[in-house]
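Bear in mind that the values in this text are calculations on the coordinates, not laboratory data. Here the structure is a predicted model, which means the values were calculated and not measured. Methodologically, a virtual Cβ is constructed for each residue, glycine included, from the backbone with ideal geometry; neighbour enumeration extends over all protein chains shown.
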Amino acid sequence: MIIAIDGPAASGKGTLGKRLAAYYGFRHLDSGLLYRAVAKAVLDAGKPIDDRAAAIAAAKLLDPAHLDENALKSDDIGKAASVVAPIPEVRAALVTFQRTFAASKPGAVIDGRDIGTVIAPNAEVKIFVTATPQERARRRVLELKGRGDPVDPAAVLADIVKRDERDTNRAEAPLKAASDAHLLDTTHLDIDAAVRAAIDIVEATRAGRGRG
Ligand code: DC
């Protein structure tokens, strides 16, 4: 079974994906890490982040099986990732790994922006997670404070709005809900409630399939 979770930056889809995978005993892939790793490789090579050739080369050389999540989770790398992610050749270089991962037995949970639309359009369950930009900024501020990082709440909100804009308006695989995705608005849900709601969606889908 494939569970595809898409949604904007800081919507909680990563935590949701991890928890759903643990619940069902499935493998979990945070596909944003792939784009973050490409961005980090460009910066580590001393190239400007808008160097397309460097980004394409980095994507082709990436070893997706060995990603250092801790080194990739900063806001700066997230911002850089949204600059390399629109490049079609970068996305193309990362497709096979994601599709192979999606076919993992007994199942896979993948979260990102285009999982239900491009990577796994035949996923049995698609969930599109949303929350208002203000709520997502509030969560991100708490997370940064928890890590002891300096935080400017207004700048965090501005960044989220800018990344939404970039992810939604790009030509290639933009952030959008698949027509058969279940919408899950977590603005007023804590993570436990969001996980329960997601499990309800998976179970309802399974029950529906069983009857069909
Ligand atoms: O989910 P995240 O914040 O780790 O993603 C970082 C960037 O990577 C995001 O701005 C857009 C890009 N991304 C993408 O284009 N497609 C995906 N499936 C996942 C992430």
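Some points to look at:
- Coupling constants for region 142-155 follow from the phi torsions by the Karplus curve (6.51 cos²θ - 1.76 cosθ + 1.60, θ = phi - 60°), and in residue order they are 4, 5, 5, 4, x, 7, x, 7, x, 10, 10, x, 5, 5 Hz; glycine and proline get x.
- Among the lysines of region 9-90, pairs that are 8 or more positions apart or on different chains and have alpha carbons within less than 26 Å of each other number 14.
- Once backbone amide H atoms are built at 1.01 Å from N, residue 29 has 109, 110, 111 as its partners under 5 Å, excluding neighbours fewer than 5 places away on the same chain.
- Candidates 200, 149, 63, ranked by Gaussian network fluctuation over the chain, Cα under 10 Å, top entry: 149
- Taking a sphere under 10 Å around the Cβ of residue 30 and counting the other residues whose Cβ falls inside, with K and R at +1 and D and E at -1, yields a net charge of +2.
- Sequentially through region 165-170, phi angles give Karplus couplings (6.51, -1.76, 1.60; θ = phi - 60°) of 4, 5, 5, 7, 9, 6 Hz, Gly and Pro residues having no value and appearing as x.
- In this simple spin-label approximation, residue 27 and residue 138 carry label points 7 Å from Cα along the Cα→Cβ vector, and these lie 3.7 nm apart.
- Gyration tensor (alpha-carbon) shape descriptor, region 1-140, a/c threshold 1.5: oblate
- Remark: region 55-200 is approximated by an ellipsoid whose semi-axes, taken from the C-alpha gyration tensor as √(5λ), come to 24, 21, 16 Å, largest first.
- Residues whose amide H comes within less than 5 Å of that of residue 129, counting only those at least five positions distant or on another chain, are 6, 7, 184 (H built at 1.01 Å from N in the peptide plane).
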